[in-house]
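Everything on this sheet refers to the single structure shown next.
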Amino acid sequence: MKKSTTFGKLAAYSLITVICGASQVAMAHTGVKDKPVEGVAGYNAFTIGHGCTDNSNEAAVASNVIAQSVVFPNSADPLDAVIYKLNAAGLQVGAPLPDLSNDIEGVLPGVGFSNMGAGLVAGGGTLFPNFIPAINPAKAIRGYHTWSGPTPIKGAELQESPVSMTGLSPFRYGAIKFKATSCAKSLKIRIAVANWCKRGTASKKAPDRVDVWIGHTTTKFADQKTMPRATPYDPAIEAPFWPTMTLTRTSALPANCTADNSYDLSIEPSSNDIDTYLPMPTGKFPLGVPGTPFYN
């Protein structure tokens, strides 16, 4: 792991740092920086608190984060996301809902969460200088891939020592509002995130190659050494490891909504969506994209 990067170089490559002490004693999981406000569009960021480690040994020195991939649950196809009602303990109640049409303004029956308004942010606030959107066949942004460019320090690598620091990877979102007839109290928007620390064929089996932040394993992301996991799968344990943007209702609940029939909601990318868009792409990137390919 490189340890020669100075704070001046880190600042030059837009790494937002928070100095916490002479050594990293607490390792914060990747999460979402701020809570959105109902009915207001805004900007947010993923917080990267530490690099990749073998999760059977969380005390090990972590490798630098050199890239990140993200998948939002924002497809027009409701099959691309999984929606649940949650009980007071945050656990899933019953079968998945077909869509959010009963609860979120602008969502039609049989249509997914296409009005989330998720998008990319370019400029001085980005952790890595190069990024490309993950586009589905309908030309909608489903997430993004961001990585270091051809710079002397390989972009803005997240240093693990001598101080602890937090990197910010920004994104934007649209105005989301609960329907006046809905008894939903909140919507937890769960976003799949992978922080990559190594690349290339030789690293594919390395346990500190990537930290994967999703609430369950998938076909392509099944190595429990790369993610906090319980065996067998336990939603009560695993759900908190989703990077989650929680929209808390501020508009009034209808008079018929009581403590017994009001509820919270969650929406997350489907396993197929995660396997489709979360892996870092390889080969040539679209014309006009700066830098070199990541070559996963």
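The values are calculated or read from the model by the stated rules, or taken from the named source; none is laboratory data. Treat the numbers as computed from the prediction; the structure is a model and nothing was measured. We place every Cβ from the backbone using ideal geometry, glycine too, and count neighbours over all the protein chains shown.
Can you pull out every residue in region 64-109 that is part of a loop (DSSP other than H, G, I, E, B), in contact (Cβ under 8 Å) with a residue 24 or more places away in the chain and within 15 Å of SER270 (Cβ to Cβ)?
The answer is PHE72, PRO73, ASN74, SER75, ALA76, ASP77, LEU100.
Could you count how many residues in region 258-279 are assigned to a loop (DSSP other than H, G, I, E, B), more than 15 Å from the chain's Cα centre (by Cα) and not hydroxyl-bearing (Ser, Thr, Tyr)?
Qualifying residue count for the region: 3.
Please work out if PRO254 is assigned to a loop (DSSP other than H, G, I, E, B) and at pLDDT 95 or above.
yes
For region 130-205, list the strands (runs of 3 or more DSSP E) that sit wholly inside it and hold at least 2 residues that are at pLDDT 80 or above and closer than 22 Å to PRO281 by Cβ; which are they?
130-135, 141-147, 167-173, 192-196
Determine which single condition ASN102 fails, assuming it passes every other condition in (1) among the polar types (S, T, N, Q); (2) closer than 20 Å to PHE221 by Cβ; (3) out of contact with any Leu (no Cβ under 6 Å at 6 or more places or on another chain).
Unmet for ASN102, out of (1) among the polar types (S, T, N, Q); (2) closer than 20 Å to PHE221 by Cβ; (3) out of contact with any Leu (no Cβ under 6 Å at 6 or more places or on another chain): (2).
Looking at (1) modelled with pLDDT under 85; (2) in a loop (DSSP other than H, G, I, E, B), which is the one condition that is false for SER114?
All conditions pass for SER114, except number (1).
Could you look through region 113-132, keep only residues that are surrounded by 19 or more Cβ atoms within 10 Å (Cβ to Cβ) and in contact with a Leu (Cβ under 8 Å, 6 or more places away or on another chain), and pick out the one that is nearest to LYS188 (Cα to Cα)?
Step by step, filter region 113-132, then rank; the result is PHE113.
Restricting attention to region 75-112, which residues are in contact with a strand residue (DSSP E or B) (Cβ under 9 Å, 6 or more places away or on another chain), surrounded by 18 or more Cβ atoms within 10 Å (Cβ to Cβ) and of a type in the set (Val, Ile, Thr)?
Selection gives VAL82, ILE83, ILE104.
Quick one: is GLY39 closer than 30 Å to ALA122 by Cβ, modelled with pLDDT of 75 or more and of a type in the set (Gly, Ala, Ser)?
yes
Suppose we keep only residues that are surrounded by 11 or more Cβ atoms within 10 Å (Cβ to Cβ) and among the acidic types (Asp, Glu) within region 247-274. Which one would you say is nearest to GLU38 (Cα to Cα)?
ASP264
Please state which of the following conditions GLY123 fails to meet, knowing it meets all the rest: (1) at positive phi; (2) over 18 Å from the mean Cα position of the chain (by Cα); (3) modelled with pLDDT of 85 or more.
(3)
Counting just the residues of region 51-71 that are surrounded by 21 or more Cβ atoms within 10 Å (Cβ to Cβ) and hydroxyl-bearing (Ser, Thr, Tyr), which one comes out modelled with the highest pLDDT?
Result: SER69.
Name the single residue that is farthest from MET116 (Cα to Cα) among those in region 234-251 being at pLDDT below 95 and in a loop (DSSP other than H, G, I, E, B).
ASP234
Is it the case that region 217-226 has a residue that's of a type in the set (Ser, Thr, Tyr), at pLDDT 90 or above, touching a helix residue (DSSP H, G or I) at 6+ places or on another chain (Cβ under 9 Å) and not in a helix (DSSP H, G or I)?
yes
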